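Report on one structure; see the data block that follows.
The values are calculated or read from the model by the stated rules, or taken from the named source; none is laboratory data. None of the values given here were measured: they were computed from a predicted structure. Here the Cβ is made from the backbone with ideal geometry for all residues, glycine too, and neighbour counts use every protein chain on show. When the accessible area is computed, the model is the full protein with side chains, heavy atoms only, and any ligands, DNA or RNA have been set aside. Shrake-Rupley method; radii C 1.70, N 1.55, O 1.52, S 1.80 Å.
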Amino acid sequence: MTDQEFYQEEFIVMLTIDGTSYDEIEVKVTDPNKTIRDQINSIVQVFELPKMDNGGNPIQYLLGKLMEDDEEPVILEFEDENGREMALIDYDIQPLDHLHLISVPIAGGSKK
């Protein structure tokens, strides 16, 4: 069975967005082969999340997977050790897994 065949059915994950009221909402993943970076960009666009914090610092978003209740999410790296862009399927993300979008202000960012 290929990845494409495995993921033909609707692929829904549970998503919590740090610092918002979005807690364990169902989100449809349109392409689990899309890079982690692209998945994050899609989430930021769909939910109209800010790109700057209140102090004018740029915000970087990270995607984590909750492994156990009450544990910190394991961050899904953008690239592997060889620089290859990683995707959800590389982390064996399955339908109904709980993902966590984390916002990290970048201190000292340029103010515009």
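A few comments on the model shown:
- In the chain, the DSSP-assigned H stretches of four residues or longer account for a calculated mean residue ellipticity at 222 nm of -3500 deg cm²/dmol, using -39500 (n - 2.57) per stretch and the full residue count as denominator.
- Segment 21-88, accessible area per residue, ligands and nucleic acids excluded (1.4 Å, Å²): 66
- Stretched out straight at 0.36 nm per residue, the stretch from residue 84 to residue 12 would grow longer than its current Cα-Cα span by 23.4 nm.
- For the chain, carbon and sulfur atoms together expose 46% of the accessible surface, with a 1.4 angstrom probe and every protein chain in place.
- GNM top mover of 38, 23, 80 - the chain, alpha-carbon springs below 10 Å: 80
- Degrees between helix 36-46 axis and first principal axis of the chain (Cα, 0 to 90, nearest 10): 70
- Take the Cα of residue 25, step 7 Å toward its Cβ, do the same at residue 96, and the gap between the two points is 2.1 nm.
- Under-29-angstrom lysine pairs by C-alpha in the chain, whenever the two are 8 or more apart or on separate chains: 7
- Taken about its Cα centre, the chain carries a charge dipole of roughly 880 debye when the Cβ of each Lys and Arg holds +1 and the Cβ of each Asp and Glu holds -1.
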